[in-house]
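*Asks:* Below are the structure tokens for one structure; questions will follow.
The values are calculated or read from the model by the stated rules, or taken from the named source; none is laboratory data. Quick caveat, the model's predicted, so the values are computed rather than measured. Note that we place each Cβ from the backbone using ideal geometry, even for glycine, and neighbour counts take in every protein chain shown.
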Amino acid sequence: MESAIIKLTELKPGQTGIIHAIMNADIKLKLYEMGCLPGEPVQVLIHAPLGCPVAIKVANYVLSLRLSEADNVLVLMET
């Protein structure tokens, strides 16, 4: 089974991945504090009708991220 590193915004609702890294240093601490840590499983629940926000499940709770924040989260996805 192969793996690919993609942006969180590229996952479709229902798809899961493992957080690999946060690209933007300015929001890294904020996302870490919300449970978006490298190695943590993440699942996209829903994209709002206009694409923003994105609801994800991480660390056993639902979190809503702005599209600009979710675009900075790299996830490892098995293909």
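*Asks:* Go through the range 55-79 and count every residue that is assigned to a strand (DSSP E or B) and either modelled with pLDDT of 95 or more or in contact with a Cys (Cβ under 7 Å, 6 or more places away or on another chain) (or both).
*Replies:* 12
*Asks:* Moving on. Considering only residues that are over 18 Å from Tyr61 (Cα atoms) and of a type in the set (A, V, I, L, M, F, W, C), which ones fall in the range 12-28?
*Replies:* Of everything in the range 12-28, those that are over 18 Å from Tyr61 (Cα atoms) and of a type in the set (A, V, I, L, M, F, W, C) turn out to be Ala21, Ile22, Met23, Ala25, Ile27.
Okay, residues lined up against (1) out of contact with any Pro (no Cβ under 9 Å at 6 or more places or on another chain); (2) under 10 Å from Leu8 (Cβ atoms):
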site	(1), (2)
Ile27	yes, no
Lys30	yes, no
Glu33	yes, no
Leu37	yes, no
Val42	yes, yes
His47	no, no
Tyr61	yes, no
Ser64	no, no
Glu69	no, yes
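*Asks:* Looking at Pro53, Pro49, which one is in contact with a helix residue (DSSP H, G or I) (Cβ under 9 Å, 6 or more places away or on another chain) and free of Cβ contacts under 8 Å to residues at least 40 places away in the same chain?
*Replies:* Pro53
*Asks:* Same structure, new question: Would you pick out the residues in the range 22-43 that are closer than 14 Å to Glu69 by Cβ and small (Gly, Ala, Ser)?
*Replies:* Correct list: Ala25, Gly35.
*Asks:* Here is a further query. Does the range 1-22 hold any residues that are free of Cβ contacts under 8 Å to residues at least 60 places away in the same chain, surrounded by fewer than 14 Cβ atoms within 10 Å (Cβ to Cβ) and touching a Leu at 6+ places or on another chain (Cβ under 7 Å), and which are they?
*Replies:* Scanning the range 1-22 gives Pro13, Ala21.
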